[in-house]
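The values are calculated or read from the model by the stated rules, or taken from the named source; none is laboratory data. Quick caveat: nothing in here was measured; it's all calculated off a predicted structure. For neighbour counting, all protein chains shown are included, and Cβ atoms are generated from backbone atoms with ideal geometry for every residue, glycine included. Just the protein is used for accessible areas: all its heavy atoms, side chains included, with ligands, DNA and RNA removed. Shrake-Rupley method; radii C 1.70, N 1.55, O 1.52, S 1.80 Å.
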Amino acid sequence: TIVGVGATGTVILTAPAAGVPLTVSATGVVIDNVVIQGNIDGTANLLNATANFTVKNVTFNRGVDQLNIASTTVQAFSVDNCTFSVTGNVSNGINSISANASMVQLTVTRSTFAVDASGTGIASTSNLTLSVSTFTGSSTSPIGVNTSNGTSTLTNNTFTNLTRALIVSGNTSINATTLNGTIVTATGNTITGNGATSASSSAGAIV
(Lines give C-alpha, C1' and ligand atoms only; values in the text may rest on other atoms or scores of the structure.)
Protein backbone atom coordinates (compact mmCIF):
# COMPACT_ATOMS: atom_id res chain seq x y z
CA THR A 1 0.00 0.00 0.00
CA ILE A 2 1.33 3.40 -1.03
CA VAL A 3 -0.30 6.31 0.83
CA GLY A 4 0.48 9.96 0.26
CA VAL A 5 0.86 11.51 3.70
CA GLY A 6 -0.13 15.13 3.23
CA ALA A 7 -2.93 17.37 2.02
CA THR A 8 -4.78 16.30 -1.12
CA GLY A 9 -2.78 17.15 -4.24
CA THR A 10 0.55 17.67 -2.48
CA VAL A 11 2.12 14.21 -2.94
CA ILE A 12 3.06 13.63 -6.59
CA LEU A 13 4.27 10.48 -8.34
CA THR A 14 5.79 11.38 -11.70
CA ALA A 15 6.46 8.98 -14.56
CA PRO A 16 10.19 8.16 -14.70
CA ALA A 17 10.69 9.87 -18.08
CA ALA A 18 8.82 11.06 -21.12
CA GLY A 19 7.44 7.97 -22.85
CA VAL A 20 7.86 5.72 -19.80
CA PRO A 21 4.77 4.67 -17.80
CA LEU A 22 4.50 3.72 -14.17
CA THR A 23 3.68 -0.01 -13.94
CA VAL A 24 1.89 -2.11 -11.32
CA SER A 25 2.21 -5.87 -11.87
CA ALA A 26 2.10 -7.21 -8.29
CA THR A 27 -1.21 -8.48 -6.89
CA GLY A 28 -3.08 -6.44 -4.28
CA VAL A 29 -1.32 -3.07 -4.65
CA VAL A 30 -3.23 -0.07 -3.25
CA ILE A 31 -2.35 3.54 -4.15
CA ASP A 32 -4.08 6.22 -2.05
CA ASN A 33 -4.03 10.04 -1.87
CA VAL A 34 -1.47 10.95 -4.54
CA VAL A 35 -1.27 12.80 -7.84
CA ILE A 36 0.05 10.59 -10.67
CA GLN A 37 1.51 12.78 -13.37
CA GLY A 38 3.16 12.17 -16.73
CA ASN A 39 6.05 14.16 -18.09
CA ILE A 40 4.08 14.98 -21.21
CA ASP A 41 0.69 14.35 -22.85
CA GLY A 42 0.34 11.85 -25.66
CA THR A 43 3.68 10.04 -25.29
CA ALA A 44 2.96 6.97 -23.14
CA ASN A 45 0.36 5.57 -20.79
CA LEU A 46 0.49 7.13 -17.35
CA LEU A 47 -0.11 4.00 -15.23
CA ASN A 48 -0.26 0.39 -16.46
CA ALA A 49 -1.89 -2.22 -14.19
CA THR A 50 -2.02 -5.96 -14.86
CA ALA A 51 -3.03 -7.56 -11.53
CA ASN A 52 -5.63 -7.05 -8.74
CA PHE A 53 -5.23 -3.35 -7.99
CA THR A 54 -6.93 -0.46 -6.16
CA VAL A 55 -6.55 3.28 -6.64
CA LYS A 56 -8.43 5.73 -4.43
CA ASN A 57 -8.26 9.48 -3.88
CA VAL A 58 -5.87 9.77 -6.84
CA THR A 59 -5.64 12.54 -9.45
CA PHE A 60 -4.36 11.62 -12.92
CA ASN A 61 -2.70 14.23 -15.17
CA ARG A 62 -1.29 13.87 -18.70
CA GLY A 63 -0.34 10.63 -20.47
CA VAL A 64 -2.10 8.74 -23.31
CA ASP A 65 -4.28 6.28 -21.37
CA GLN A 66 -4.12 7.58 -17.81
CA LEU A 67 -5.03 4.24 -16.22
CA ASN A 68 -4.41 1.35 -18.62
CA ILE A 69 -5.75 -1.99 -17.37
CA ALA A 70 -4.96 -5.22 -19.20
CA SER A 71 -5.05 -8.85 -18.13
CA THR A 72 -5.35 -12.32 -19.65
CA THR A 73 -6.42 -13.84 -16.32
CA VAL A 74 -9.30 -13.10 -13.94
CA GLN A 75 -8.37 -9.90 -12.10
CA ALA A 76 -10.32 -7.25 -10.16
CA PHE A 77 -9.57 -3.53 -10.36
CA SER A 78 -11.11 -0.83 -8.16
CA VAL A 79 -11.15 2.93 -8.75
CA ASP A 80 -12.70 5.13 -6.04
CA ASN A 81 -12.89 8.91 -5.66
CA CYS A 82 -10.37 9.57 -8.42
CA THR A 83 -10.06 12.50 -10.83
CA PHE A 84 -9.15 12.07 -14.49
CA SER A 85 -8.19 15.02 -16.72
CA VAL A 86 -8.75 13.63 -20.22
CA THR A 87 -7.56 16.80 -21.89
CA GLY A 88 -4.96 17.84 -24.42
CA ASN A 89 -3.50 14.74 -26.10
CA VAL A 90 -4.83 12.29 -23.51
CA SER A 91 -6.88 9.52 -25.20
CA ASN A 92 -8.64 7.75 -22.31
CA GLY A 93 -9.08 8.29 -18.59
CA ILE A 94 -9.42 4.53 -18.09
CA ASN A 95 -8.74 1.98 -20.81
CA SER A 96 -9.82 -1.47 -19.57
CA ILE A 97 -8.85 -4.26 -21.94
CA SER A 98 -9.92 -7.89 -21.66
CA ALA A 99 -9.47 -10.66 -24.22
CA ASN A 100 -12.43 -12.40 -22.60
CA ALA A 101 -15.17 -10.47 -20.83
CA SER A 102 -14.88 -12.69 -17.75
CA MET A 103 -11.23 -11.86 -17.14
CA VAL A 104 -11.25 -8.22 -16.00
CA GLN A 105 -13.70 -6.92 -13.41
CA LEU A 106 -13.53 -3.12 -13.14
CA THR A 107 -15.41 -1.16 -10.46
CA VAL A 108 -15.43 2.66 -10.63
CA THR A 109 -17.14 4.74 -7.92
CA ARG A 110 -17.33 8.43 -6.98
CA SER A 111 -14.90 9.51 -9.70
CA THR A 112 -14.72 12.56 -11.97
CA PHE A 113 -13.83 12.68 -15.66
CA ALA A 114 -13.21 15.99 -17.46
CA VAL A 115 -13.07 15.18 -21.18
CA ASP A 116 -12.22 17.35 -24.17
CA ALA A 117 -11.22 16.98 -27.85
CA SER A 118 -11.64 13.35 -28.98
CA GLY A 119 -10.97 11.82 -25.57
CA THR A 120 -13.00 9.12 -23.79
CA GLY A 121 -13.65 8.94 -20.05
CA ILE A 122 -13.79 5.12 -19.89
CA ALA A 123 -13.14 2.72 -22.78
CA SER A 124 -14.04 -0.82 -21.72
CA THR A 125 -13.92 -4.29 -23.25
CA SER A 126 -14.27 -5.81 -19.77
CA ASN A 127 -16.95 -6.16 -17.11
CA LEU A 128 -17.62 -2.65 -15.79
CA THR A 129 -19.54 -1.49 -12.71
CA LEU A 130 -19.78 2.31 -12.69
CA SER A 131 -21.62 4.36 -10.06
CA VAL A 132 -21.95 7.87 -8.64
CA SER A 133 -19.40 9.32 -11.07
CA THR A 134 -19.39 12.50 -13.17
CA PHE A 135 -18.44 12.98 -16.83
CA THR A 136 -18.21 16.52 -18.19
CA GLY A 137 -17.30 17.39 -21.78
CA SER A 138 -15.88 20.45 -23.48
CA SER A 139 -14.51 21.26 -26.93
CA THR A 140 -15.29 18.77 -29.74
CA SER A 141 -16.08 15.04 -29.72
CA PRO A 142 -15.72 14.10 -26.03
CA ILE A 143 -17.11 10.66 -25.10
CA GLY A 144 -18.23 9.48 -21.66
CA VAL A 145 -18.24 5.67 -21.70
CA ASN A 146 -17.47 3.43 -24.67
CA THR A 147 -18.24 -0.23 -23.99
CA SER A 148 -17.69 -2.86 -26.66
CA ASN A 149 -17.64 -6.15 -24.77
CA GLY A 150 -18.61 -7.62 -21.43
CA THR A 151 -21.37 -6.75 -18.98
CA SER A 152 -21.63 -3.12 -17.83
CA THR A 153 -23.84 -1.70 -15.08
CA LEU A 154 -24.09 2.10 -14.86
CA THR A 155 -25.92 3.51 -11.84
CA ASN A 156 -26.53 7.09 -10.63
CA ASN A 157 -23.89 8.76 -12.82
CA THR A 158 -24.02 12.22 -14.42
CA PHE A 159 -23.11 12.87 -18.07
CA THR A 160 -23.01 16.50 -19.26
CA ASN A 161 -22.12 18.19 -22.59
CA LEU A 162 -20.56 15.18 -24.30
CA THR A 163 -20.81 14.30 -27.98
CA ARG A 164 -21.79 10.79 -26.89
CA ALA A 165 -22.52 9.97 -23.27
CA LEU A 166 -22.65 6.20 -23.79
CA ILE A 167 -21.57 4.07 -26.76
CA VAL A 168 -22.62 0.43 -26.87
CA SER A 169 -21.01 -1.57 -29.66
CA GLY A 170 -18.94 -4.63 -30.45
CA ASN A 171 -19.68 -8.32 -30.48
CA THR A 172 -23.34 -9.32 -30.27
CA SER A 173 -22.95 -13.11 -30.16
CA ILE A 174 -22.24 -15.28 -27.14
CA ASN A 175 -18.98 -17.22 -27.33
CA ALA A 176 -17.44 -18.13 -23.99
CA THR A 177 -13.99 -18.75 -25.45
CA THR A 178 -13.57 -15.37 -27.15
CA LEU A 179 -16.04 -12.58 -26.46
CA ASN A 180 -19.11 -12.73 -24.26
CA GLY A 181 -21.13 -10.13 -26.10
CA THR A 182 -22.07 -6.66 -24.90
CA ILE A 183 -24.72 -6.20 -22.19
CA VAL A 184 -25.43 -2.80 -20.63
CA THR A 185 -27.84 -1.88 -17.84
CA ALA A 186 -28.14 1.84 -17.06
CA THR A 187 -30.31 3.01 -14.14
CA GLY A 188 -30.79 6.38 -12.44
CA ASN A 189 -28.25 8.27 -14.58
CA THR A 190 -28.60 11.97 -15.46
CA ILE A 191 -27.78 12.73 -19.10
CA THR A 192 -27.97 16.38 -20.23
CA GLY A 193 -26.64 18.49 -23.11
CA ASN A 194 -25.15 15.52 -24.92
CA GLY A 195 -24.88 15.50 -28.70
CA ALA A 196 -24.78 19.29 -28.77
CA THR A 197 -21.06 19.50 -29.41
CA SER A 198 -21.16 17.80 -32.82
CA ALA A 199 -23.27 17.77 -35.96
CA SER A 200 -22.31 14.14 -36.59
CA SER A 201 -25.14 11.66 -37.09
CA SER A 202 -23.40 9.46 -34.51
CA ALA A 203 -23.75 12.10 -31.78
CA GLY A 204 -26.30 11.69 -29.02
CA ALA A 205 -26.96 10.66 -25.44
CA ILE A 206 -26.82 6.90 -26.12
CA VAL A 207 -25.43 5.54 -29.37
Along the dipole axis of the chain (charges at Cβ: +1 for Lys and Arg, -1 for Asp and Glu; origin at the Cα centre), the most positive-end residue among Ile69, Gly88, Leu128 is Leu128
Given the whole protein assembly as supplied and a 1.4 Å probe, what does the accessible area of Arg62 come to in Å², nearest 10?
100
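Taking 0.36 nm per intervening residue step and subtracting the Cα-Cα distance, what contour gain separates Thr192 from Ser148 on full extension? Intermediate results must be reported in sequence, preceding the final value.
Numbers: separation 44, 0.36 × 44 = 15.84 nm, distance 2.27 nm.
Working it through step by step, the gained length comes to 13.6 nm.
Pop out the carbon and sulfur fraction of the accessible area of the chain as a percent, whole number, probe 1.4 Å. Kindly include the intermediate steps, with their values, before the conclusion.
Working: 4510 of 8510 Å².
Carbon and sulfur atoms account for 53 percent of the accessible area of the chain.
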Using a 1.4 angstrom probe on the protein heavy atoms only, line up Ile97, Ile69 by accessible area, largest first.
Ile97, Ile69
In nm, give the distance between the simple-model label positions of Ala117 and Val30, each being 7 Å from the Cα along the Cα-to-Cβ direction.
3.5
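Grab the Cα-Cα distance for Ile2 and Val132, subtract it from 0.36 nm times how many residues apart they are, and report the gain in nm with one decimal. Walk me through the numbers on the way to the answer.
Numbers: separation 130, 0.36 × 130 = 46.80 nm, distance 2.49 nm.
Difference between extended and current length: 44.3 nm.
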Computed lengthening from Ala17 to Ala76, 0.36 nm per intervening residue step minus Cα-Cα distance:
18.4 nm
State to the nearest 20 debye the size of the charge dipole of the chain about its Cα centre, where the only charges are +1 on K and R beta carbons and -1 on D and E beta carbons.
120
